[in-house]
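S.K.: Supplied in structure tokens, the structure appears directly below.
The values are calculated or read from the model by the stated rules, or taken from the named source; none is laboratory data. Computed from a prediction, not measured in an experiment: that's the story for all the values here. Here the Cβ positions follow ideal geometry from the backbone for every residue, glycine too, while neighbour counts run over all protein chains shown.
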Amino acid sequence: MEEEYSGGVEKKFLYVNRRVPHGTVYALESLETVLIGAAFDQDVSMLFIDDGVYQLKKEQNPDSIDFKNFAKAFRALEMYDVEKLFVEQESLSERGLTESDLLVDVEVISREQTKALIDQQDVVLSF
Amino acid sequence: MSSIEVEGKTLATDEEGYLENLADWEPAVATVMAEIDDCELSDNHWEVINFLREYYEEYQIAPAVRVLTKAIGKKLGKEYGNGKYLYELYPYGPAKQACKYAGLPKPTGCV
Amino acid sequence: MATLNIVNKSPFEKRSLDQCLARINEGDALLLIEDATVVAASGTAYTEQLTSAGKSGALYVLQPDLEARGFADKPLVDGFNAVDYKGFVALAAEYDRVHSWL
């Protein structure tokens, strides 16, 4: 593995996030996987569809249920060279949300663009 | 469960010595932990510890080493923005050792 | 470039099959495993949707999981092919990527 990475094999990784945060551990696990993966200099994108869009909701305060406010870490992703965050428009609309409800800058894309995005990847990990 | 004695208080740690509760941290915790490792904390050590604590407060994660290196370089000047400087301060690994002194959880993403 | 999409939950419990079908590309494959295999058997509320998905991409169901749930002898939705574990591995190798809709 080591050699392969140092040999500069760069793959396109897409992390697909589909769940509301805090009720299950998926959202946090996904973020930790992204941060670990970022250390290997891969081409990483994150996609938020369906309930996953709630992970980027502003003003989360999970202190109220004694959980860690890991949404703050989305603002650190840039420092890890994870700069491509995509959110599906249809998923936002279904939930009565708009881009202004989100806590980081994202690229809002259509469902058709979502399909195309998945089709460009080497590895897709869904959470 | 393991623990550490700091100024008369017993604070819970995991078996590797990381604080169980972030809220237990105070500067004396870092000093005591460093003494255990035979290390005396200089201002340079504190720069790193304070940076880690601020970063964690802001983002809820410990920075990866390259993020830490970049940030220290920005703060103290280019000649400090390298792994060598940080490893001289924290020979057990800047991420692990400094995070421990700063009261943060053991970094998962740090290599 | 085509994706092997894997779904493992019953759509009557979780939305992952619907989520997957909404974003499946022409030429992609769908493989139902574990609890999702229940809708590979014909006659459910999902039969029509799966039949139409089968027109733009291949449909597979993992036979041991289907059998375990008592559907071994039931007719499958048109277009479905049953695969064993070896077939599962072959599919994973054949497609450009695997997307497991956990």
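S.K.: Of all the strands (runs of 3 or more DSSP E) wholly in region A:72-127, which have at least 2 residues that are closer than 26 Å to A:Ala38 by Cα, within 13 Å of another protein chain (Cβ to nearest Cβ) and without any contact (Cβ under 8 Å) to a residue 60 or more places away in the chain? Outline the logic, then answer.
M.R.: Details: elements: A:84-88, A:107-109, A:123-126.
Where strands (runs of 3 or more DSSP E) fall fully within region A:72-127 and carry at least 2 residues being closer than 26 Å to A:Ala38 by Cα, within 13 Å of another protein chain (Cβ to nearest Cβ) and without any contact (Cβ under 8 Å) to a residue 60 or more places away in the chain, they are A:84-88.
S.K.: Looking at (1) more than 24 Å from A:Asp122 (Cα to Cα); (2) surrounded by fewer than 16 Cβ atoms within 10 Å (Cβ to Cβ); (3) among the aromatic types (Phe, Trp, Tyr), which is the only condition C:Tyr85 fails?
M.R.: It fails just one condition, (1).
S.K.: Next question. Please go through (1) away from chain A (no Cβ under 14 Å); (2) surrounded by fewer than 18 Cβ atoms within 10 Å (Cβ to Cβ); (3) assigned to a helix (DSSP H, G or I) for C:Ala92 and return the number of the only condition it doesn't satisfy.
M.R.: With (1) away from chain A (no Cβ under 14 Å); (2) surrounded by fewer than 18 Cβ atoms within 10 Å (Cβ to Cβ); (3) assigned to a helix (DSSP H, G or I) applied to C:Ala92, the lone miss is (1).
S.K.: Looking only at region C:1-19, which residues are buried (at least 19 other Cβ atoms within 10 Å of the Cβ), over 10 Å from the mean Cα position of the chain (by Cα) and not hydroxyl-bearing (Ser, Thr, Tyr)? Let's see the steps before the verdict.
M.R.: Of all residues in region C:1-19, those buried (at least 19 other Cβ atoms within 10 Å of the Cβ) come to C:3-8, C:10-11, C:16-17, C:19.
With the extra rule that they be over 10 Å from the mean Cα position of the chain (by Cα), the set shrinks to C:3, C:10-11, C:16, C:19.
The answer is C:Pro11, C:Gln19.
S.K.: Is there a residue in region A:59-73 that is modelled with pLDDT of 95 or more, crowded, with 18+ Cβ neighbours inside 10 Å and of a type in the set (D, E, K, R)?
M.R.: The answer is no; no qualifying residue exists.
S.K.: I would also like to ask the following. Go through region A:35-66 and report how many residues are among the aromatic types (Phe, Trp, Tyr) and either in a helix (DSSP H, G or I) or within 11 Å of chain B (Cβ to nearest Cβ) (or both).
M.R.: Our first condition is that a residue be among the aromatic types (Phe, Trp, Tyr); within region A:35-66, this holds for A:40, A:48, A:54.
From the residues that got through so far, the ones that are either in a helix (DSSP H, G or I) or within 11 Å of chain B (Cβ to nearest Cβ) (or both) too are A:40, A:54.
The total comes to 2.
S.K.: Of all residues in region B:64-76, count the ones that are of a type outside the set (Val, Ile, Thr) and at the interface with another protein chain (Cβ under 7 Å from one of its Cβ atoms).
M.R.: 1
S.K.: Of the numbered conditions (1) modelled with pLDDT of 95 or more; (2) surrounded by fewer than 21 Cβ atoms within 10 Å (Cβ to Cβ); (3) not acidic (Asp, Glu), C:Leu102 fails exactly one; give the number of that condition.
M.R.: Answer for C:Leu102: the failing condition is (1).
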